[in-house]
Amino acid sequence: MVNKLNIVLNKLLGLYTAGRTLHQTARLLLGLILLGVLSLAFSLMALPMYAFLPRTHSKRIGRKLIARLFRLYLRLLVLIGACRFDLTELDALRAGPAMIIAPNHPSLLDAVMILSRLPNAACIMKADIVNNVFFGAGARLAAYIRNTPLRTMVQLAVADLRQGSHLLLFPEGTRTMRFPVGPIQGTTGLIAKHAGVPVQTVFIETDSGFLGKGWSLLWTPKMPITYRIRLGKRFDPPSHTAHFASELEQYFQSALAHAQLPEFPVSAPPD
């Protein structure tokens with residue numbers, strides 16, 4: 001009798017686990033489809049706007065529209081039960097002066113979260129993203145900046161900051177590759193020095209390795225995934241860029257030592 005009961009319970013547990021995994025996979029696919037559909041629709045709208053609007057107008061309109069699009073997308077992720085977000089601390093930066101927004105980079109969703117709250121922010125992006133059919137037209141409309149060539153990137157970033165914009169720049173240069181933060185590049189200090197603007201550090205915490213460095217889209221994360229963003233120290237414009245990169249890395253290492261973050265590079269979630 002006991003053995004039969006154990007068999008039944010194991011079967012029920014197996015069915016429950018399979019059903020939960022299927023549900024989470026469906027939410028994952030739905031979230032990715034929503035991002036693709038919204039991005040493509042925005043790109044189609046951005047093309048004529050980029051062609052006919054003056055650059056000063058198209059940049060301002062493009063950044064505001066992207067902020068609204070990303071905010072809508074994050075709300076949809078919450079609605080389908082895929083994610084939970086706590087991004088309210090970013091609102092304190094919205095009316096602030098020109099500055100570099102410098103977060104750690106655990107996930108591909110990081111830029112989406114930050115830009116959803118900062119409608120006057122430029123973003124430094126990889127060149128292949130700017131050329132992407134889903135994101136390229138919108139990125140050009142908002143005058144986002146390619147990360148290559150380096151000299152041009154620095155010049156465009158400095159010019160944008162001098163016009164009063166925020167600049168989203170991940171100091172690691174890529175997604176985090178070691179816990180709690182990867183090596184900090186000198187680009188952040190270089191741009192801040194030439195533009196004469198402060199560097200506002202931002203800490204992104206999450207309980208999942210979803211879309212982190214090494215994550216496979218074949219893996220299904222446990223949902224809902226939680227994300228929390230909090231503000232760190234605001235550094236004055238540096239005078240020595242090499243020293244500043246070291247100082248910034250030490251600060252991130254200390255501030256994130258006990259943060260809620262996965263191990264990097266990330267690995268497959270447990271079954």
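The values are calculated or read from the model by the stated rules, or taken from the named source; none is laboratory data. Just so it is clear, the model here is predicted, and its values are computed rather than measured. In this analysis, Cβ positions are derived from the backbone assuming ideal geometry, glycine residues included, and neighbour counts consider all displayed protein chains.
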Which of the numbered conditions does THR88 fail, given that it passes all the others? Conditions: (1) over 23 Å from PRO180 (Cβ atoms); (2) surrounded by fewer than 18 Cβ atoms within 10 Å (Cβ to Cβ). (1)
Is there a residue in segment 154-176 that is outside any loop (DSSP other than H, G, I, E, B) and either at pLDDT below 95 or among the polar types (S, T, N, Q) (or both)? yes
Being in contact with a Lys or Arg (Cβ under 9 Å, 6 or more places away or on another chain) and of a type in the set (D, E, K, R) is the filter here, so list the residues in segment 143-160 that pass it. ARG146, ASP160
From the residues in segment 145-155 that are within 21 Å of PHE135 (Cα to Cα) and within 21 Å of the chain's Cα centre (by Cα), which one is surrounded by the fewest Cβ atoms within 10 Å (Cβ to Cβ)? THR148
Give segment 249-270 a look and list any residue that's crowded, with 18+ Cβ neighbours inside 10 Å and either within 11 Å of ASN104 (Cβ to Cβ) or of a type in the set (D, E, K, R) (or both), or say none. PHE252, LEU256, ALA259, LEU261, PHE264
Residue list for segment 198-224, filter: in a loop (DSSP other than H, G, I, E, B) and charged (D, E, K, R): ASP207, LYS213, LYS222
Leading residue by the ranking (surrounded by the fewest Cβ atoms within 10 Å (Cβ to Cβ)) among those in segment 28-83 that are among the small types (Gly, Ala, Ser) and closer than 17 Å to ALA143 by Cα: ALA51
Against the conditions (1) touching a residue at least 60 places away in the same chain (Cβ under 8 Å); (2) under 26 Å from SER208 (Cβ atoms); (3) part of a loop (DSSP other than H, G, I, E, B); (4) touching a Leu at 6+ places or on another chain (Cβ under 8 Å), where does MET113 fall short? Just the number, please. (3)
Are there any pairs, at least 6 apart or on different chains, whose C-beta atoms fall under 7 Å, with the first in segment 117-130 and within 29 Å of ALA92 (Cα to Cα) and the second part of a loop (DSSP other than H, G, I, E, B) and charged (D, E, K, R), and if so, which? ARG117/ARG94; LEU118/ARG94
